[in-house]
Number of protein chains: 2
Amino acid sequence: MALIRSAYQDELDGVSQSLVDLTGMVTASMVKASKAVQTADLALAEEVIASDTKIDDYQHELDARIIDIIARQQPVASDLRALVTAMRMSADLERMGDLCHHIAKLARMRYPEVAVPAELVKTIENMGTTAVKIIEKSTHVIKTQDLQAAIELETDDDEMDKLHRALFVALLDDSWSHGIEAAIDMTLLGRYYERCADHAVSIARRVYFLVKGEYASESQAAI
Amino acid sequence: MALIRSAYQDELDGVSQSLVDLTGMVTASMVKASKAVQTADLALAEEVIASDTKIDDYQHELDARIIDIIARQQPVASDLRALVTAMRMSADLERMGDLCHHIAKLARMRYPEVAVPAELVKTIENMGTTAVKIIEKSTHVIKTQDLQAAIELETDDDEMDKLHRALFVALLDDSWSHGIEAAIDMTLLGRYYERCADHAVSIARRVYFLVKGEYASESQAAI
């Protein structure tokens, strides 16, 4: 009967829930790291830096649990693929946590100065909110296997690429007056946001592949 | 009898061999990408860019094979851990291939100019040779499970970090005369080398963990 759930099914659901929890931790880190780097908020930066270990530990525990489930349950092919995919997603999330940590470290390194020059605050703020939007949507995709949302994420990522290009345009403009150090900082900061979004998009692609057995085509991604 | 080898053992050996093959492909890409970016060699850059798809395809095939082995053979815990670790290493290698691809794309983007300003050629050359040394040593670690070499890799990575710092010192020196664009290029290039070395070190750490069941301690790493 459908009402009787196996312990094994509970374990699989537990893995999904842990992935959702992990994306929640990464979202919180991204929100805080972005605010810290835009406002030179040292306390917030320190919070993100400290919480990276928690994300790492959570991921290691989850991975160990997944391997244990595979070893004990000898899952059928479809469950095995789902478990392997969960491990890949947890690796993405762990790396996204690292990138939030890098953003926070930049905030701390330039404190009490604001790391982001005034004319770039809007662009960096938009990169932060776009990153958060992408991470939250990838969480929704993990939770619901909503493939339409998975496809939309490709377009959301185009938005991040546009912001990234706008950042370089500002750095290369003749009016740039903040010198090489700030240009290096902003180059790295832009890359951290872009890579974080890439990993979130990669999570959505993994879910899509798991459900459909193939990647979304270019034409679908363009919808 | 030891002479009678099982088909299963052959499959496990095949996975190891494929990882070694994949590191060979990444090493070749790194050698070529580094030369291309230092000498504005467009043909070599195009070769690296084209070969990235081969690395990706090889990795996907290997991952599919590993999942298939797990599904069919229902390996004991130690073999399962080895197979999961192999999948993580193949993900590292795929990413290292991407980074070589990024280096080659920078060479192509600046062609016919040399992307690297004259006073940084030596530093970038050293980053390239250090990256190749680290990748080759990680290959040796995969092949032989030589844990001493795995520990040495941490020190080799310190060398990469030193070069990375030297790069920033040059960019921030008052004598830097190549402007913002070249500073952005060198910031990204430095990061590609550093990340590539990080992934190779991570491969060695995974082997160490697989054999010892724990990570090398800081004190061992300092030997």
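The values are calculated or read from the model by the stated rules, or taken from the named source; none is laboratory data. Only a predicted model underlies this, so the values are computations on that prediction, with no experimental measurement involved. Cβ coordinates were reconstructed from backbone atoms using ideal geometry, including for glycine residues, and neighbour counts include every protein chain displayed. When the accessible area is computed, the model is the full protein with side chains, heavy atoms only, and any ligands, DNA or RNA have been set aside. Shrake-Rupley method; radii C 1.70, N 1.55, O 1.52, S 1.80 Å.
How large is the accessible surface per residue of the protein assembly as shown, computed with a 1.4 Å probe and reported in Å² as a whole number?
About 45 Å² of surface per residue is accessible.
In vacuo Debye scattering of the protein assembly as shown, one point per C-alpha: log10 I(q)/I(0) at q = 0.07, 0.12 Å⁻¹?
At q = 0.07, 0.12 Å⁻¹ the computed log10 ratios are -0.36, -1.12.
Which one, B:Tyr192, B:Ala33, B:Leu22, is farthest towards the positive end of the dipole of chain B when Lys and Arg carry +1 and Asp and Glu -1 on their Cβ?
Of the options given, the answer is B:Leu22.
Between the alpha-carbon centers of the range A:31-75 and the range A:133-151, tell me the distance in whole angstrom.
Cα centroid of the range A:31-75 versus Cα centroid of the range A:133-151: 19 Å apart.
Give me the net charge of B:Lys105's neighbourhood, meaning all other residues with Cβ under 12 Å from the Cβ of B:Lys105; Lys, Arg count +1, Asp, Glu -1. Could you put the intermediate results ahead of the total?
Values: positive: B:Arg108, B:Arg110; negative: B:Glu46, B:Asp52, B:Asp98, B:Asp185.
With Lys, Arg at +1 and Asp, Glu at -1, the net is -2.
Please give the direction-averaged projected area of the C-alpha convex hull for the range B:131-188, in square nanometres with one decimal.
Dividing the Cα hull surface by four gives the mean projection, 4.5 nm².
So the label point sits 7 Å from Cα along the Cα-to-Cβ vector; using that for A:Leu147, what distances do you get to the other copies, in nanometres, sorted shortest first?
Spacings between copies for this position, smallest first, are 4.8 nm.
Am I reading the A/B interface right? What is its buried accessible area, both sides, 1.4 Å probe, to the nearest 100 Å²?
2400 Å²
Counting Lys and Arg as +1 and Asp and Glu as -1, what is the net charge of the other residues whose Cβ lies under 13 Å from the Cβ of A:Ile184? Before the final figure, lay out the partial values.
Values: positive: A:Arg110, A:Arg191, B:Arg165, B:Arg191; negative: A:Glu181, A:Asp185, B:Asp173, B:Glu181, B:Asp185.
That sum, taken over residues with Cβ under 13 Å, equals -1.
Select from A:Ser78, A:Ala43, A:Tyr58 the residue farthest towards the positive end of the dipole of the range A:38-92; place +1 on Cβ of Lys and Arg, -1 on Cβ of Asp and Glu, and compute about the Cα centre.
Towards the positive end, the residue furthest out is A:Ser78.
How far is helix A:42-73 tilted, in degrees, relative to the longest principal axis of the Cα atoms in chain A, given as a value from 0 to 90 rounded to the nearest 10?
20 degrees
Counting pairs of Cα atoms in the range B:22-154, how many percent are more than 27 Å apart?
When every Cα pair of the range B:22-154 is considered, 30 percent fall beyond 27 Å.
Grab the other residues whose beta carbon is less than 15 angstrom from that of A:Ala36, score K and R as +1, D and E as -1, and report the net.
-2
Sort A:200-206, A:210-216, B:107-113 by packing, meaning the average of other beta carbons within 10 Å per residue, with the highest value first.
Sorting A:200-206, A:210-216, B:107-113 by mean packing, highest first, produces A:200-206, B:107-113, A:210-216.
What are the nm distances, shortest first, from B:Asp21 to its equivalents in the other copies, labels at 7 Å along Cα→Cβ?
Sorted ascending, the copy-to-copy spacings read 4.0 nm.
Highest GNM mean-square fluctuation, chain A, Cα pairs closer than 10 Å: which of A:Ala50, A:Ala183, A:Ala82?
A:Ala50
Just need log10 I(q)/I(0) for chain A at q = 0.08, 0.12, 0.13, 0.16 Å⁻¹, Debye formula, equal scatterers on the alpha-carbon atoms, no solvent, rounded to two decimals.
Listed by q, the Debye log ratios stand at -0.33, -0.67, -0.77, -1.04.
Normalised by the empirical 2.2 N^0.38 Å for globular proteins, what value does the Cα Rg of the range B:71-123 take?
Against the empirical 2.2 N^0.38 Å value, I get 1.97 for the range B:71-123.
List the residues of the range A:178-206 whose accessible area drops by at least 10 Å² when all protein chains are present, compared with their chain alone, using a 1.4 Å probe and counting only protein heavy atoms.
SASA drop of 10 Å² or more in the range A:178-206: A:Ile180, A:Glu181, A:Ala183, A:Ile184, A:Thr187, A:Leu188, A:Arg191, A:Tyr192, A:Arg195.
Can you give the mean number of other chain Cβ atoms that lie within 10 Å of the Cβ atoms in peptide A:163-174?
1
If you wrap a convex hull around the Cα atoms of the range B:117-223, how much volume per residue is inside, in Å³?
Considering the Cα atoms of the range B:117-223, their hull volume per residue is 88 Å³.
How much length is gained on full extension from B:Ser177 to B:Asp161, taking 0.36 nm per residue of separation minus their Cα-Cα distance?
3.4 nm
If the elastic network links every pair of Cα atoms under 10 Å, which of B:His178, B:His164, B:His101 fluctuates the most in the Gaussian network model of chain B?
Per the Cα network of chain B with a 10 Å cutoff, B:His178 tops the list.
Can you compute the charge dipole magnitude of the protein assembly as shown about its Cα centre, using +1 on each Lys and Arg Cβ and -1 on each Asp and Glu Cβ, nothing else charged? Give it in debye, rounded to the nearest 20.
640 debye
Considering only A:Thr53, A:Thr139, A:Thr27, give the residue with the highest GNM mean-square fluctuation for chain A, with springs between Cα atoms whenever their separation is below 10 Å.
Top of the fluctuation ranking is A:Thr53.
How big is D, in µm² s⁻¹, for the range B:1-77 by Stokes-Einstein at 4 °C and 1.567 mPa s if Rh is the Kirkwood radius over C-alpha pairs? The partial results should precede the final answer.
Numbers: Rh = 14.7 Å.
In µm²/s, the coefficient rounds to 88.
Over the range A:75-171, calculate the relative contact order: mean separation of alpha carbon pairs under 8 Å at least 6 apart, over the residue count, as a percent.
It comes to 23 percent, rounded to a whole number.
What's the carbon and sulfur percent of the range B:99-223's accessible surface, probe 1.4 angstrom, rounded to a whole number?
Looking at the range B:99-223 in its full context, I get 50 percent from C and S.
Using a loss threshold of 30 Å², tell me which positions in the range B:53-71 are less accessible in the complex than in their chain alone. Probe radius 1.4 Å, ligands and nucleic acids ignored.
The answer is B:Ile67, B:Ile70, B:Ala71 - residues whose exposure falls by at least 30 Å² when every protein chain is included.
What Rg and what Dmax come out for the range A:160-206 when only alpha-carbon atoms are used, in angstroms?
Cα radius of gyration and Dmax of the range A:160-206 are 12.9, 43 Å respectively.
Place a point 7 Å from the Cα of B:Val76 along the Cα-to-Cβ direction; which residues of the range A:61-83 have their backbone N under 15 Å from it?
A:71-72
Sequence gap at least 6, Cα distance under 8 Å: using those rules, report the relative contact order of chain B to the nearest whole percent.
With pairs under 8 Å counted, the relative contact order is 27 percent.
From the gyration tensor of the Cα coordinates in the range A:44-103, what semi-axes in whole Å does the equivalent ellipsoid have, largest first, with each one equal to sqrt(5λ)?
Working: eigenvalues 169, 25, 5 Å².
With the √(5λ) rule applied to the range A:44-103, the semi-axes are 29, 11, 5 Å.
Shortest first and in nm to one decimal, what separations exist between B:Ala43 and its copies in the other chains, measuring from label points 7 Å along the Cα-to-beta-carbon line?
B:Ala43 label point versus its equivalents elsewhere: 6.3 nm.
Would you list which aspartates and glutamates come within 16 Å of B:Lys54, measuring only between C-alpha atoms, while excluding same-chain residues fewer than 8 positions from it?
B:Asp21, B:Glu46, B:Asp63, B:Asp92, B:Glu94, B:Asp98
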